[in-house]
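I have placed the structure first, in the form of C-alpha cells, so that the comments after it can refer back to it.
The values are calculated or read from the model by the stated rules, or taken from the named source; none is laboratory data. The model shown is predicted, which means the values in this text are computed figures rather than measured ones. Every residue, glycine as well, gets a Cβ built from its backbone with ideal geometry; the counts of neighbours run over all protein chains shown. Just the protein is used for accessible areas: all its heavy atoms, side chains included, with ligands, DNA and RNA removed. Shrake-Rupley method; radii C 1.70, N 1.55, O 1.52, S 1.80 Å.
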Amino acid sequence: MRIEWINQGMTMSASSSDSGLSRRSFMKTGAVAGGGLVLGFFLPGAGRFANAQQPPATVHQPNAFLRITPDNRVTVQVNRLEFGQGVQTSLPMLIAEELEADWSLVDGALAPAGDQYKDPLFGIQITGGSGSVAHSFIQYREIGARARMMLVAAAAEQWQVPADQIKTVKSTLIGPAGQRATYGSLADAAMKQPVPATVKLKDPKDFTLIGKPVKRLDARAKSTGKQQFGMDFKAPDSKVAVVARPPVFGAKVAKFDASKAKAIKGVIDVLEVKTDRGGSGVVVIADGYWPAKSGREALAIDWDTSGVEKVSSDKQLGEYKALAQKPGNPARKADISKLAGAAKKISAVYEFPYLAHAPMEPLNCVVDLRKDGCTVWAGSQFQTVDQGAIAATAGLKPEQVTLNTMMAGGGFGRRAVPTSDYLVEAVNIAKVWQAAGHKEPIKVVWSREDDIKGGYYRPSHVHRADIGIDAKGEIVAWDHVIVGQSIITGTPFEAVMMKDGVDSTMVEGMGKPYDVPLNLSVHNVKANVPVLWWRSVGSTHTAFVMETLIDEAAHAAKMDPVAYRRKLMGEEGKRHMAALDLAVAKSGYGKKALPKGQAYGLAVHDSFNTVIAYVVVASIKNGQPKLLKVTAGVHCNTAVNPLTIEAQIQGAALMGLGMTLPGAAITLKDGVVEQQNFSDYTVARMTDMPKIDVHIVPSNDPPTGMGEPGLPPLAPAFANALFKLTGKRLRKLPFDLASAQA
C-alpha cells in the first residue's frame, strides 16, 4: 500500500492545458499602482482538504501570481514556503518558460496566506508532500502562457497585424515588419486584453529553461548575508517573548514566582499563558531576547503534572515489542499459510526512535494583534491552515488575519502542524500581553532547546517481520506488524487518510513494487508525545525495513541483490529498475572492485511518486560505520531544475545519514524529553558528508516530488553495505554494531 493523499499528484498532460484549468480560474486584478500586467489565479472550491470555514477566493492587487511592470521586470509570487528546497527559483522558471521571459529580469517573491495560493490538489496553502513543483507544473505554466498571449494580443492591436505573426523572445515582442516592443512597454495595454480561454503549452522539446541547470535566484542574498529570515524580522516597537513550557507535555503551572525575573533589566512583564495540548506556561516579555531568556531562567515554577501521562522510552519499547507479536488492524492481506513450512525463514524485529526536526532556524514568529485584525510574520508551511487557527484564537475572521510568509531556515515538517501549535501559542501570548495593558507587537522566539524538547516528533516505531523463503529463493509468505502512534488521528486529515483503523502514513512504502505475499497490519498506539510528519514521513522507517529485508532475502536465496530485486519487481517497478540500473551503472557496482575494508550496498525506494536508488560505498573506521560515497539514480520524470534536484539529493541523503549516527534519537524518561541541543541530539555534520554523485533518468512526463524522496533509501543502503563488512544485520536506528544480529 502506498500513501494516496500525496502520491496521486497531478495527472494533467504536460503538452496541452485544454483539459486543465478553466478560464474562470484566472483573473486579472484591479488597478495596479504604477501600471503593468498582473495576473492572478484561484481554484474555486476545489481540493481534498478545502475548509468551508476558510474565506472565499478573491484576488487583490498584491496577491497576484505574476506581475510585469513598465520597467520590464517580471515578479512571480511563489505560493510555497522557501526553506532551502529551491522553490523560489523553480516555480518562476515555469512561468518564465511559457511567458518567454528574459530570465535575467525575473524575480521570485514569497506569497502571503491567500485563497488564490492554495495547492491545486489539496485545496489548502501548503508546502509539503514534495508537491510544490509537481502540483503547480501546469498551473504556473498556464499563467505564463496566458500572460504571453495577452501581450501578443496587445501588440497585434497596436501594430494592426495578425497575432500569429508576432514572435516573443526574451521579454520582447517582434512584429512581422521588424516592430519591437518590450513586455514592460505593453504591460498596460495587455492588462486591457481579455484573459484567453485556453492556451496550448510548449512541447518539452521546445523548453529553454525547464530541464536546464538554473542558478538560484536567492543565492546572492543568502551568500552575502542580506537574506532576511523570520528570525531576522522585527516589527516596529515589537518586544521579545520567551516561554517556560511545562516539562511534561500538557502539564500546567501550579504556581510561580516572578520576582527575580522582573528584577532583570529589560524585562517588562511575566505572565501565565496557555500552551499546546491543554497545558500552561509562563512567558517572559522583554526588550530583547537576552533579557527575556535571562528572565525565564530566573523564574521559580512549580508544575502540576498529575493529570498527564508520563512516557518513558524503555517501557514504551517493551510494550511495543509485545504488541508487535499480535495482529493489528489489517492494512494489506495475503496468504501466509506457507510460512510454517518454508525452507528458510527470516524473523526480525526493528526499532525506530522518536526524531526531532531540528531545523537550523528554530521556530519564531511576530504577532501584531489589534481589535480589528492581526498581522503575523512567520515561516509557515501551512499558511491558510495557520491563518484560520490564528483567527479562531484571536476571535477574528480569517480575512482579518494577514499572514506574511518569511524565508525559513529549514523545517522538514515542523512548520506544518495541524494544530498550528506555535502560532496559536503566540496569539495567546499577544492576548495576555494586551490584557495586561500593553499594545506592542510580540516576537516569540524558540531557542534550540525549546525546539528539541518541545516537540513535535517523528513517532517511534517497532516492526515485526516473519518471512518464508522456498528452496528456489522465492518469498512464499511475509507476515508483518507495525506498532506506533498515528500522526493523523485527531487532525483534519483523519477523514481522508485513516481507513479501517489504519493510518496510511504509517504503512506507506511497504510492499511496492515487489510482488510478494505481504500480510500487513498496524497497531495505532496512543501516548502523550506530540507526533508529526518528518521529512519523507512513513518512508523514514518503512524503506529501511523493506530494503534491508529484501537484501537479506537475496542473500538467503544466494542471488545478487540487484538481480533479486529485478526478479521481484512487477510491472509497476519499471521506474524503480530504471533508477537502480542507472545508479548501478554509474557506481561501478559489479564491475569495479573496491579496496579491502570497503563494500557496496544498495537500496531503491519511491516516495511521493519519485524513485531514488542509491549505491553506496562504506567502511568501518575506528569501530564506527563510515559512509564514503553515494551514487544516486533519480527518476522524477521531468527534471525542472537539475541543480535543485542535485541539491535536494545531497541534503536528503545527509539527513538520512544522520538517522544512522549514534545519538540520533529522542528519548523520554518520566514524560520528559532527555535531549535538548545538538550536544546530545545528533545531526549529520560536514565531516560526515560523503561524496555524492547524482544521475537523473531522462523523461518528459510531468514532474514528481523531490523534497523528501532522497532520504529514505540512504540508511538501508548503508546498512546493507555494513552487512557485507560484518556479516551482521542492523535492526534498529541509529546504528549499533554491538547489538547487530549475525
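Can you say whether Met577 is closer than 17 Å to Tyr514 by Cβ and either open to solvent by 10 Å² or more (accessible area, probe 1.4 Å) or without any contact (Cβ under 8 Å) to a residue 12 or more places away in the chain (or both), as far as the supplied structure shows?
Details: closer than 17 Å to Tyr514 by Cβ: yes; either open to solvent by 10 Å² or more (accessible area, probe 1.4 Å) or without any contact (Cβ under 8 Å) to a residue 12 or more places away in the chain (or both): yes.
In short, yes.
Note on the stretch 622-644: residues that are farther than 23 Å from Trp534 by Cβ and open to solvent by less than 40 Å² (accessible area, probe 1.4 Å) total 9. When Asn622 is tested against the conditions (1) touching a residue at least 24 places away in the same chain (Cβ under 8 Å); (2) farther than 24 Å from Pro513 by Cβ, the lone failure is (1).
Listed by position, the strands (runs of 3 or more DSSP E) inside the stretch 135-210 whose residues that are in contact with a Lys or Arg (Cβ under 8 Å, 6 or more places away or on another chain) and closer than 24 Å to Ser104 by Cα number at least 1 are 167-169, 172-174. Of the residues making up the stretch 412-436, those that are at positive phi and among the small types (Gly, Ala, Ser) number 2. The condition (being at pLDDT below 95 and closer than 21 Å to Phe249 by Cβ) is satisfied by just one residue among Gly501, Gly454, Gly484: Gly454.
All conditions but one from (1) in contact with a Leu (Cβ under 9 Å, 6 or more places away or on another chain); (2) at pLDDT 95 or above apply to Leu737; the one that does not is (2). Residue count for the stretch 454-491 satisfying the condition of being basic (Lys, Arg) and out of contact with any helix residue (DSSP H, G or I) (no Cβ under 7 Å at 6 or more places or on another chain): 1. Contact map, the stretch 181-202: first residue within 20 Å of Gln160 (Cβ to Cβ) and open to solvent by 30 Å² or more (accessible area, probe 1.4 Å), second residue at pLDDT below 95 and small (Gly, Ala, Ser), Cβ cut-off under 6 Å, separation 6 or more or different chains; pairs are Asp188/Gly35.
Of everything in the stretch 154-171, what is touching a residue at least 60 places away in the same chain (Cβ under 8 Å) and surrounded by 15 or more Cβ atoms within 10 Å (Cβ to Cβ)? Give them in sequence order.
The answer is Thr168, Ser171.
Yes/no per residue for (1) outside any loop (DSSP other than H, G, I, E, B); (2) open to solvent by less than 10 Å² (accessible area, probe 1.4 Å); (3) within 30 Å of Ile138 (Cα to Cα); (4) hydrophobic (A, V, I, L, M, F, W, C):
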{"site": "Glu646", "(1), (2), (3), (4)": "yes, no, yes, no"}
{"site": "Gln650", "(1), (2), (3), (4)": "yes, no, yes, no"}
{"site": "Gly656", "(1), (2), (3), (4)": "yes, yes, no, no"}
{"site": "Thr660", "(1), (2), (3), (4)": "no, yes, no, no"}
{"site": "Phe678", "(1), (2), (3), (4)": "no, no, no, yes"}
{"site": "Val694", "(1), (2), (3), (4)": "yes, no, yes, yes"}
{"site": "Asn700", "(1), (2), (3), (4)": "no, no, yes, no"}
{"site": "Phe735", "(1), (2), (3), (4)": "no, no, no, yes"}
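Is it the case that the stretch 487-497 has a residue that's of a type in the set (Phe, Trp, Tyr) and over 26 Å from Ala717 (Cβ atoms)? Looking for residues that are of a type in the set (Phe, Trp, Tyr) and over 26 Å from Ala717 (Cβ atoms), one finds at least one in the stretch 487-497, hence yes. Scanning the stretch 665-676 for residues that are surrounded by fewer than 20 Cβ atoms within 10 Å (Cβ to Cβ) and within 22 Å of the chain's Cα centre (by Cα) turns up nothing. Looking at the stretch 600-621, is at least one residue small (Gly, Ala, Ser), out of contact with any helix residue (DSSP H, G or I) (no Cβ under 6 Å at 6 or more places or on another chain), open to solvent by 50 Å² or more (accessible area, probe 1.4 Å) and over 30 Å from Gln88 (Cβ atoms)? Within the stretch 600-621, none of the residues are small (Gly, Ala, Ser), out of contact with any helix residue (DSSP H, G or I) (no Cβ under 6 Å at 6 or more places or on another chain), open to solvent by 50 Å² or more (accessible area, probe 1.4 Å) and over 30 Å from Gln88 (Cβ atoms). The condition of being farther than 15 Å from Pro716 by Cα and either part of a helix (DSSP H, G or I) or free of Cβ contacts under 8 Å to residues at least 24 places away in the same chain (or both) does not hold for Lys558. Screening Asp119 against (1) surrounded by fewer than 24 Cβ atoms within 10 Å (Cβ to Cβ); (2) in contact (Cβ under 8 Å) with a residue 12 or more places away in the chain; (3) of a type outside the set (Ser, Thr, Tyr) leaves a single unmet condition, (1). Here Glu142 meets each of (1) modelled with pLDDT of 95 or more; (2) surrounded by 17 or more Cβ atoms within 10 Å (Cβ to Cβ); (3) over 30 Å from Ala292 (Cβ atoms) with one exception, condition (1).
Here are Gly341, Gly410: which of them is open to solvent by less than 20 Å² (accessible area, probe 1.4 Å), in contact (Cβ under 8 Å) with a residue 24 or more places away in the chain and either aromatic (Phe, Trp, Tyr) or assigned to a loop (DSSP other than H, G, I, E, B) (or both)? Break it down stepwise before answering.
Numbers: Gly341 fails: open to solvent by less than 20 Å² (accessible area, probe 1.4 Å).
None of the other options fit; the residue is Gly410.
Screening Gly175 with (1) under 30 Å from Val376 (Cβ atoms); (2) surrounded by fewer than 22 Cβ atoms within 10 Å (Cβ to Cβ); (3) among the small types (Gly, Ala, Ser) gives one miss only, at (1).
The residues of the stretch 211-247 that are part of a loop (DSSP other than H, G, I, E, B), without any contact (Cβ under 8 Å) to a residue 60 or more places away in the chain and on the phi < 0 side of the Ramachandran plot, listed by number, are Thr224, Lys226, Pro246.
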